[in-house]
Structures are given as structure tokens and as C-alpha cells.
Amino acid sequence: MPKVKCKLVAWEEVVNWAYQLSQKILESGWHPDIIVAIARGGFVPARLLCDFMDIHELLSIQIVHWGRAAEITTEAHVKYPYQLDLSGKKVLIVDDICDTGDSLIVAKKYVEENWKPGEVKLATLQWISPVAKITPDYYVDEVKDWTWYQYPWTRLEDTANFIEKIVDENKDKKEWTKSELVEKFKEDYGIDVGEPYYTLAFRLLEAYGRIKLQGDKIVVTGRKG
Ligand code: ADP
């Protein structure tokens, strides 16, 4: 049994979900004038929705969860606030997944208070119903059992983070072989991201000073915290 429930998402699935989402929105009789993609996760779904719904106006707003000293702040906030006049426009805010719902709540509040929209609705591909503080107006899948969706646009980032976590959790092990780490990744997360992601993740962790690559050997040189 994997330690973390993950779903490896293929590009084709994303296109299919975006198509289904567009149909749900169109069938509801509501047609947005403009889409606001939440950065970074909402970019690909938002662009696909523009195509499926023939929408030519696309903006973005970045919501972040991290404090200055890399401390987790529970408070999500707008990274680069800016003012706009969207008077009378129907705005659809799009993200990949509604997990806690914090990003969506902050984005909606910010748009309503600062951009003077006519109406604002929320759309995501997935909605994790047991933990989310809100329900998006439109979503494709209700996820009842919490899952990490490994979307194609965070494949390297996730792989590097997961491998870093494995290294951190095995404090007494100072050396690994590449294949040992890859096997442990597959075992703990239950997915195989394939090459070139493992190689790129190792290089990224080396650049961050966490590991040193020596041929097929990986020496642990630094840990978080
Ligand atoms: P939301 O407001 O959409 O619930 P969160 O504030 O909980 O989002 O998380 C911020 C971002 O982190 C999400 O928009 C998504 O890109 C990513 N994320 C959060 N939870 C997951 C998950 N279970 N699987 C994949 N990505 C996730």
C-alpha cells in the first residue's frame, strides 16, 4: 500500500475533464465573459476552457500560501495585487483542484472587492468534498477520499518534493543508489512518473544542496529544518 494516495494524471485526461467542465457550464445556461486563472494550477484548465467555450478574455491572479521565511502560513494571499475594472462582466475563476478551498475563497473575495465584476463563479476539475470549505459552482469530479492529483504541470516539482521527503524521513541513511530512491518513490507514492523526471528531480535537489550525485550513487548532504 502506498503511503500517500496519488493519482498520476495524463494530459488526455486533463483535456477530457476541461471538455466536461465546459459542457456543465454551458448546460447551466451561464456564459462567462472572462476567465481568471488562479496561478499556477489553474493555467492549463483555464486555457482549455477558453478554447472549448470560445472565450477570448483570460486573466490571472496568483495566490500563494507561503510566508517570507518559507514558513507555512495558513493564510492564502494574493501575491501581486492589482486593480481592474470588470464592470458588469461575468467572471469565471478557474483552478485545477479545490482542496481546502482557501485559494478559491481568497481569489473570489479579491476579485469581488477590487475588480467590480457583475458576477463571479468558481470552476475546478476536482473537488475534494470532505475537506473543502466551499463547493465550486462547477466541477467535474467529486473526490471523497483525499488524493494527491499529480497533474502533468507539476510533475517535476512533485517528484523532487516527494524524493526530498523520502530522504528526510530516512534520517539514518546517508547514501542511496538512484534505483533505490526511484523504487522507494514508486512504493511510497504508488505512481511511476518515468524518465526524464527522476533524473531532473535528482539534479534539482543537487542544485538545492540536498544531495550530491556521484555516478549512480546519491549522497545526502543537507536536510530541511
Ligand atoms: P484550493 O483553494 O483550490 O482548495 P488550496 O489552497 O488547498 O487550493 O491549494 C493550493 C493549490 O495547491 C491548488 O490550487 C493546487 O494547485 C495545489 N493542490 C492542493 N491540493 C492538491 C491536491 N490534493 N492534489 C494536487 N494539487 C493540489
Can you work out which of the residues in region 138-153 that are touching a residue at least 24 places away in the same chain (Cβ under 8 Å) and open to solvent by 30 Å² or more (accessible area, probe 1.4 Å) is nearest to the ligand (Cβ to nearest atom)?
-> TRP148
Has region 9-20 got at least one residue that is modelled with pLDDT of 95 or more, part of a loop (DSSP other than H, G, I, E, B) and crowded, with 20+ Cβ neighbours inside 10 Å?
-> yes
For LYS171, indicate whether it is open to solvent by 70 Å² or more (accessible area, probe 1.4 Å), more than 24 Å from ALA10 (Cβ to Cβ), of a type in the set (Lys, Arg) and outside the structural domain of LEU26 (by TED's automatic domain parsing).
-> yes
Does GLU75 satisfy the condition of being open to solvent by 30 Å² or more (accessible area, probe 1.4 Å), within 12 Å of the ligand (Cβ to nearest atom) and of a type outside the set (Val, Ile, Thr)?
-> yes
Complete set of residues in region 170-225 that are modelled with pLDDT of 95 or more and of a type in the set (Gly, Ala, Ser) = SER179, GLY190, GLY194, ALA201, ALA207, GLY209
Filter pass, LYS109 being open to solvent by 60 Å² or more (accessible area, probe 1.4 Å) and touching a Gly at 6+ places or on another chain (Cβ under 7 Å) | no
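The values are calculated or read from the model by the stated rules, or taken from the named source; none is laboratory data. No experiment lies behind these values; they were computed from the predicted model shown. Please note: Cβ atoms are built from the backbone with ideal geometry, for glycine as well, and neighbour counts cover all protein chains shown. The protein model used for the area step is the full one, side chains on, heavy atoms only, and it has no ligands, DNA or RNA in it. Shrake-Rupley method; radii C 1.70, N 1.55, O 1.52, S 1.80 Å.
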